[in-house]
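Trainee: Attaching a single structure in structure tokens format; questions to follow.
The values are calculated or read from the model by the stated rules, or taken from the named source; none is laboratory data. Keep in mind the model is a prediction, meaning the values are calculated, not measured. Using ideal geometry, Cβ is built from the backbone for each residue, glycine included, and neighbour counts are taken over all protein chains shown. Please note that ligands, DNA and RNA were not included when accessible areas were found on the heavy atoms of the full protein model with its side chains. Shrake-Rupley method; radii C 1.70, N 1.55, O 1.52, S 1.80 Å.
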Amino acid sequence: MATMPEQRPIGVFGGTFDPIHHGHLRLAQEALENLDLAQVRWIPAGRPPHRAEPRATPQQRLQMVRLAVQDNPAFAVDGAEVASADPSYTVLTLERLRRECGPAQPLVLLTGADAFAGLPTWHRWQDILALAHVAVVYRPGFSIDPAALPVELAREFQARRCSPRELQSAPAGGIATFPMTPLAIAATQIRQLLAAGRSPRYLLPEAVIAYIQAQQLYLSTPSN
């Protein structure tokens, strides 16, 4: 990576957030601290191209994210993907953010280890590394094994691996890793609890639970 004057990176955290929960929130907080980010920008997907249609509408998922992060000044919500009619490809989002933030601002795409292993299946995946750094979160005791990655990704991982500190010295191109406190919470689990009439309390913020109840979301399992 080319050496540039250091500035704190902006974290980019995308997802369906169907619904957002404490696992998402803790990941963002630990990324903020481990990577010394200036901000984490939450970007709910509008039309995710690689998975089934989310249960909640894009507008509902955006509102749940806003409610969940409203008390953290280091978290910002970006609703551009929800407002767009186009599929929510990560590379297109990063191109937009690069135009908005300028060529020198370090951007860091936050992703889990499982998602990172599938990076070569993403649309224009190699362009992602030219637009942003990638920070891969993993469970303590289970670091990223290059031998378990697809060959082309393992090559990029070994060539681009850097420390969290180095993310501040270039706008894009590095791959850093950091451990996260393990929280076994999944949106699927929360939807199943709600469909069964059980409480999801302590799995997601109370403000989000109140919104889910007011909107009567996830009251039944999807039919086949």
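Trainee: So what's the angle, to the nearest 10 degrees on a 0 to 90 scale, between helix 90-101 and the longest Cα principal axis of the chain?
Mentor: 70 degrees
Trainee: Also, quick follow-up: Return the long-range amide H neighbours of Arg47 (sequence gap of 5 or more, or a different chain), with a cut-off of under 5 Å between placed amide H atoms.
Mentor: Ser88
Trainee: Considering only protein heavy atoms, what per residue accessible area in square angstrom results for the range 91-215 with a 1.4 angstrom probe?
Mentor: 49 Å²
Trainee: Next question, about the same structure. Over the chain, with a Gaussian network built from C-alpha contacts below 10 Å, which listed residue (Gln59, Gln105, Gln158) shows the highest mean-square fluctuation?
Mentor: Judging by the Gaussian network model, the answer is Gln158.
Trainee: Something else now. Counting only helical runs of four or more DSSP H residues, what would the 222 nm mean residue ellipticity of the chain come to if each run contributes -39,500 (n - 2.57) and the total is spread over all its residues?
Mentor: Values: 9 runs with 82 residues, N = 224.
Mean residue ellipticity at 222 nm (helix-derived): -10500 deg cm²/dmol.
Trainee: Once phi is turned into θ = phi - 60°, what whole-Hz ³J(HN,Hα) does the Karplus curve with 6.51, -1.76 and 1.60 give for every residue of the range 70-84, x standing for Gly and Pro?
Mentor: 4, 9, 10, x, 8, 9, 10, 10, 10, x, 5, 5, 5, 6, 8
Trainee: Oh, and also: Counting only protein heavy atoms and using a 1.4 Å probe, what share of the accessible area of the range 1-158 belongs to carbon plus sulfur, as a whole percent?
Mentor: Its accessible area is 50 percent carbon and sulfur atoms.
Trainee: Take every Cα pair under 8 Å in the chain that's 6+ residues apart, average their separations, divide by the length, and report that relative contact order as a whole percent.
Mentor: This gives 25 percent for the chain.
Trainee: Related question: If you take every residue apart from Thr181 with its C-beta less than 14 Å away from the C-beta of Thr181, what net charge results, scoring Lys and Arg +1 and Asp and Glu -1?
Mentor: 0
Trainee: Helix 151-160 versus the longest principal axis of the chain: what angle, 0 to 90°, nearest 10, using Cα atoms?
Mentor: Between the helix axis and the principal axis of the chain, the angle is about 60 degrees.
Trainee: List the extent of the Cα atoms of the range 148-224 along each of their three principal axes, largest first, rounded to whole Å.
Mentor: Extents along the principal axes, in whole Å: 49, 31, 22.
Trainee: What does the charge dipole of the range 1-79 about its Cα centre add up to, to the nearest 20 debye, if the Cβ of each Lys and Arg holds +1 and the Cβ of each Asp and Glu holds -1?
Mentor: 340 debye
Trainee: At 1.4 Å probe size, put Glu53, Glu156 in order of accessible surface, largest to smallest.
Mentor: Correct descending sequence by accessible area is Glu53, Glu156.
Trainee: Tell me, what are the semi-axes, in whole angstrom and largest first, of the equivalent ellipsoid of the chain as set by the roots of 5 times the Cα gyration tensor eigenvalues?
Mentor: Three semi-axes, in Å: 30, 18, 17.
Trainee: Points 7 angstrom from Cα along the Cβ direction at Gln213 and Trp125: gap in nanometres?
Mentor: Rounded to a tenth, the inter-label distance reads 4.3 nm.
Trainee: Related question: Hey, in the GNM for the chain with a 10 angstrom Cα cutoff, which one of Gly112, Gly197, Gly11 fluctuates hardest?
Mentor: Result for the chain, Cα springs under 10 Å: Gly197 fluctuates most.
Trainee: Could you sort Cys101, Cys162 by accessible area so the largest value comes first, with the probe set to 1.4 Å?
Mentor: Working: Cys101 40, Cys162 20 Å².
Highest to lowest solvent-accessible surface, that is Cys101, Cys162.
Trainee: Quick check: pseudo-label points 7 Å beyond the Cα along Cα→Cβ at Ser84 and Arg99, how many nm apart are they?
Mentor: With each label point 7 Å from Cα toward Cβ, the separation is 0.9 nm.
Trainee: Something else now. Could you please state, rounded to a whole Å, how far the C-alpha centre of the range 162-177 is from the C-alpha centre of the range 187-207?
Mentor: 36 Å
Trainee: Further question: Wrap a convex hull around the Cα atoms of the range 81-180, take a quarter of its surface area, and give that in square nanometres.
Mentor: Hull-based average projected area comes out at 6.7 nm².
Trainee: Hey, another quick one. Of the candidates Val77, Val69, Val151, which one comes out as most mobile in a Gaussian network treatment of the chain with C-alpha springs shorter than 10 Å?
Mentor: Maximum among the listed residues: Val151.
Trainee: Another question, if that's okay. Report, by chain and number, residues whose modeled amide H sits under 5 Å from the one on Val77, excluding near sequence neighbours (fewer than 5 apart, same chain).
Mentor: When sequence neighbours closer than 5 places are left aside, the close amide H contacts are Trp42.
Trainee: If one takes the longest principal axis of the Cα atoms in the chain, at what angle in degrees, from 0 to 90 and to the nearest 10, does the Cα axis of helix 206-215 lie?
Mentor: It is inclined by approximately 50 degrees.
Trainee: What is the spin-label model distance, in nm, from Ala52 to Gln189 if the labels are put 7 Å beyond Cα along the C-beta direction?
Mentor: Result: 1.9 nm between the two label points.
Trainee: Once you sort the root eigenvalues of the Cα gyration tensor of the range 120-175 as a ≥ b ≥ c, which label holds: rounded (a/c under 1.5), prolate (a/b larger than b/c) or oblate (the other case)? Intermediate results must be reported in sequence, preceding the final value.
Mentor: Numbers: a/c = 1.84, a/b = 1.08, b/c = 1.70.
Oblate is the answer for the range 120-175, as a/c is 1.5 or above yet b/c matches or exceeds a/b.
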